[in-house]
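> Next up is a structure, given as structure tokens.
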Amino acid sequence: MRSTFKVLFYLKKNNLNKDGEAPIMARITIDGTIAQFSCKVSIRPEVWETKYNRAAGRSDYAKQINSLLDEIKAGIDRHYKKVLERDSYVTAEKVKNSFLGIDLRSETLLQIFKKHNDDFEEMKNAGLRANSTLQKYKDVYLHLEAFIKKRYNRKDVALIELSPAFITDFELYLATVPRLAHNTIWIYMMPLRRMITIAINNRWLTYDPFSSYEISAEETDMSYLDREEIRAIMDVSLNKRLEIVRDLFLFCIFTGLSFRDMKNLTQDNMQIFFDGNPWIITRRQKTSVSSNVPLMDIPQKIIAKYEGLTNGDKLLPVPSYTTLENGIQKIAQAAGITKHITWHTSRHTYATEICLTNGVPIESLSKTMGHKNIKTTQRYAKITNEKVSRDMENLSNVLQNIEQFKYR
């Protein structure tokens, strides 16, 4: 919707000069906002035509005054269009400042977001940031762009427009238009929060529209495989194509590496460490946190199996994520596993069934998984405790059916 824009001239009659002339004022009105300033010219009140906001008559004096007012009006029109094109958000004060040459540029949300993404992409290309994180920022940028177009019918919004209502409206948009899940929305609000922090740190914003906003992740079930299911995947008969997928899935189960970190592994990442045993020495692409994992027997055998069959110095022949994700679904079905699993299930399985269930301290697990915060690792401890509870309940049921353990 186009802004309501109006310029009129009036006399400040209560401020006559020594010649009895009143200064001519210009008033700009845009969408209810008003700004006014002196035109630096005065006129006798009796010569002023209030109805038309101009000097009356055809005298040279009147023509000179009206010509000046026409120039001022044309200049204000030009600066109105300039501000509108530049910021997509225009107020009377901004147009006045632009016309008077004291314009302070109003930074806009998508401008600083794009600048952030461009800088982030350069860091990604230098190996300092993860591509998955960059993609998240790009996705949120596109969602914000669509939201602003739908909600405000504009290409961008000025930072000074941002309010708590903008934040909650964007959350509602994510839930109702692209219909994102709650935890995805929680994740997507973080990049917007990052932009607000940048704006505050640069003093483009003097307040925090997120100050009263709250959203947290919902607890979700993290699927993992138990010992019998791992054995079933190992034993199922597969063709060569799916065999590679199974081997890589087992590699992740016994190292805890994510798909991306496994794909990035090179020969240099496999080293004989301080204890004389082979380790994977790497950093997680997602967080840049070190993730040093001792190689158990199974992943060592998998590495040896594909030695000489990789491209360049890659440690393993890892295909695309889509190939692996589709392949593991077929393998699970062939192995008789009915629970829903994804490739990331391998990492959950490493944490729960391989490590915590077998007594690995949570601090050691957090280190090998490359978590920034041990609270992230503690989610797996909760799963394990629930597993212990279920196992003990099953044990109790078994013991109740054994005659010698019946209480008399």
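> Between the alpha-carbon centers of the range 257-285 and the range 314-356, tell me the distance in whole angstrom.
When both Cα centres are located, 19 Å separates them.
> Now for a separate question. Given N residues in the range 109-201, what is its alpha carbon radius of gyration divided by 2.2 N^0.38 Å?
1.07
> While we're looking at this one, here's another question. Express in nm, to one decimal, how much length is gained between residue 73 and residue 31 on full extension, taking 0.36 nm for each residue of separation and deducting their alpha carbon distance.
13.3 nm
> Tell me, 223, 366 in order of fewest to most beta-carbon neighbours within 10 Å?
Least crowded to most crowded, the residues run 223, 366.
> Starting with the fewest neighbours, write out 340, 182 ranked by other beta-carbon atoms found within 10 Å of each beta-carbon.
Fewest to most other Cβ atoms nearby, the residues stand as 340, 182.
> Using only helices, what value at 222 nm comes out for the chain when you add -39,500 (n - 2.57) per DSSP H run of length 4 or more and divide by the total residues, to the nearest 500 deg cm²/dmol?
-16000 deg cm²/dmol
> Next up: For the range 5-100, just say rounded, prolate or oblate: build the C-alpha gyration tensor, square-root its eigenvalues into a ≥ b ≥ c, call rounded for a/c under 1.5, and beyond that prolate if a/b exceeds b/c, oblate if not.
Prolate shape, in that a/c is at least 1.5 and a/b is the bigger ratio.
> If you split all Cα-Cα distances of the range 227-395 into 10 Å bins from zero, what percentages do you get per bin, shortest first?
Each 10 Å bin holds this share of Cα pairs: 10, 38, 36, 15, 1, 0.
> A further question on this structure: In the chain, if the dipole is taken from +1 on Lys/Arg beta carbons and -1 on Asp/Glu beta carbons about the Cα centre, which of 274, 389, 308 is farthest to the positive end?
308
> Something else now. Determine which lysines satisfy two conditions relative to residue 330: a Cα distance under 20 Å, and not lying fewer than 8 residues away in the same chain.
Reachable lysines: 240, 339.
> Another question, if that's okay. To the nearest 20 debye, what is the magnitude of the charge dipole of the range 75-208 about its Cα centre, counting +1 on the Cβ of each Lys and Arg and -1 on the Cβ of each Asp and Glu?
So the dipole magnitude of the range 75-208 works out to roughly 180 debye.
> Dipole size in debye (nearest 20) for the chain around its Cα centre, Lys and Arg Cβ +1, Asp and Glu Cβ -1?
Taking the Cα centre of the chain as origin, the dipole is about 1380 debye.
> Let me ask you something else. Using the number of other C-beta atoms within 10 angstrom as an exposure proxy, rank 196, 160 with the fewest first.
160, 196
> Using Cα springs under 10 Å in a Gaussian network model of the chain, which residue among 99, 274, 120 shows the largest mean-square fluctuation?
274
> Using a simple charge model, +1 on the beta-carbon of Lys and Arg, -1 on the beta-carbon of Asp and Glu, nothing else, what dipole does the range 5-100 show about its Cα centre, in debye to the nearest 20?
Here the range 5-100 has a charge dipole of around 40 debye.
> Identify, among 293, 153, 110, the residue whose Cα sits farthest towards the positive end of the charge dipole of the chain, taking +1 on the Cβ of Lys and Arg and -1 on the Cβ of Asp and Glu, with the dipole about the Cα centre.
Result: 153.
> Determine the gain in length on full extension of the stretch residue 14-residue 275; use 0.36 nm per residue of separation and subtract their C-alpha separation, reporting nm with one decimal.
Contour length minus Cα-Cα distance gives 84.8 nm.
> A follow-up question, please. Just the Cα atoms of the range 1-47, one point each, no solvent: what log10 I(q)/I(0) does Debye give at q = 0.22, 0.24, 0.30 Å⁻¹?
-0.72, -0.80, -1.03
> Translational D (Stokes-Einstein, µm²/s) of the range 25-72 at 37 °C and 0.692 mPa s when Rh comes from the Kirkwood sum over C-alpha pairs?
After rounding, the answer is 280 µm²/s.
> Per 0.36 nm of contour for each residue apart, how much would the distance between residue 63 and residue 202 grow if the chain were fully extended, relative to their Cα-Cα spacing?
Gain in length upon complete extension: 45.2 nm.
> Which distance in Å, rounded to a whole number, links the C-alpha centroids of the range 119-143 and the range 18-81?
52 Å
> Still on this structure, I have one more. Mind computing the radius of gyration and Dmax over the alpha-carbon atoms of the chain? Å is fine for both.
33.8, 122
> Another question, then. Checking a compactness column here: for the range 64-167, what do you get for Rg(Cα) / (2.2 N^0.38 Å), N being the number of residues?
Relative to the 2.2 N^0.38 Å estimate, the range 64-167 comes out at 1.45.
We did not get these values from a lab; they are worked out from the coordinates using the rules stated. In this text the structure is predicted, and so the values were computed from the model without any measurement. All Cβ positions, glycine included, derive from the backbone under ideal geometry; neighbour counts span all protein chains shown.
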